[in-house]
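Data first, discussion second: the structure below is written as structure tokens.
The values are calculated or read from the model by the stated rules, or taken from the named source; none is laboratory data. Remember, predicted model here, so these are calculated numbers, not experimental data. Don't worry about glycine lacking a Cβ; one is built from the backbone with ideal geometry, like all the others, and counts go over all protein chains shown.
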Amino acid sequence: MNVGFMGMGKLGLPVALAIEKKGHKVIGYDPSPQVQETIRTKKLPYKEAQAKEWLNKSNIQHKSVQQVVEHSDIIFVPIQTPHGDKFEVQQEYLMKEKISIIVI
Ligand SMILES: NC(=O)c1ccc[n+]([C@@H]2O[C@H](COP(=O)([O-])OP(=O)(O)OC[C@H]3O[C@@H](n4cnc5c(N)ncnc54)[C@H](O)[C@@H]3O)[C@@H](O)[C@H]2O)c1
């Protein structure tokens, strides 16, 4: 299956790597230059069980939003969900990000 990721941060990239390890083709988009650098250099800046080893062998490529949408059978969107003082989810940010993805 062709699997897409919008957001490849501390949750998204390790999950993407685990999915790729199962034999799926994975591509993704993340606006963060640091995340793009991590994928390009294969140097993981944090600890996550097995992720470093999988990243070394990975063929995951960073693509545009349009390419991810066009070439994925399913898309995961593990982006941040900022919360308030009582850990309540701030829907405004999430909705804004989802809408921007849908519009594109
Ligand atoms: N890290 C964990 O262990 C963990 C565990 C359980 C749940 N979560 C949840 O997973 C989600 C992501 O957490 P995280 O730790 O990976 O955060 P993170 O900040 O490391 O990663 C989020 C990524 O989303 C990217 N992003 C933001 N807007 C985007 C957009 N419009 N399109 C594409 N990419 C976009 C950011 O650049 C960032 O790299 C949160 O909702 C968090 O609560 C995380």
When every residue in region 45-54 that is surrounded by 13 or more Cβ atoms within 10 Å (Cβ to Cβ) and among the hydrophobic types (A, V, I, L, M, F, W, C) is compared, the one nearest to GLU20 (Cα to Cα) is TRP54
Test of understanding: among GLN34, GLN66, which residue is at negative phi, within 11 Å of the ligand (Cβ to nearest atom), in a helix (DSSP H, G or I) and without any contact (Cβ under 8 Å) to a residue 40 or more places away in the chain?
GLN34
From the options LYS63, LYS42, LYS57, LYS22, residue that is modelled with pLDDT of 95 or more, out of contact with any Pro (no Cβ under 6 Å at 6 or more places or on another chain), closer than 15 Å to MET8 by Cα and surrounded by fewer than 16 Cβ atoms within 10 Å (Cβ to Cβ):
LYS42
Taking MET8 and the conditions (1) near the ligand (Cβ under 9 Å from one of its atoms); (2) more than 25 Å from ASP73 (Cα to Cα), which numbered condition does it fall short on, given that it satisfies the others?
(2)
Across region 11-31, which residue is farthest from ASP73 (Cα to Cα) among those that are among the hydrophobic types (A, V, I, L, M, F, W, C) and within 11 Å of the ligand (Cβ to nearest atom)?
LEU11
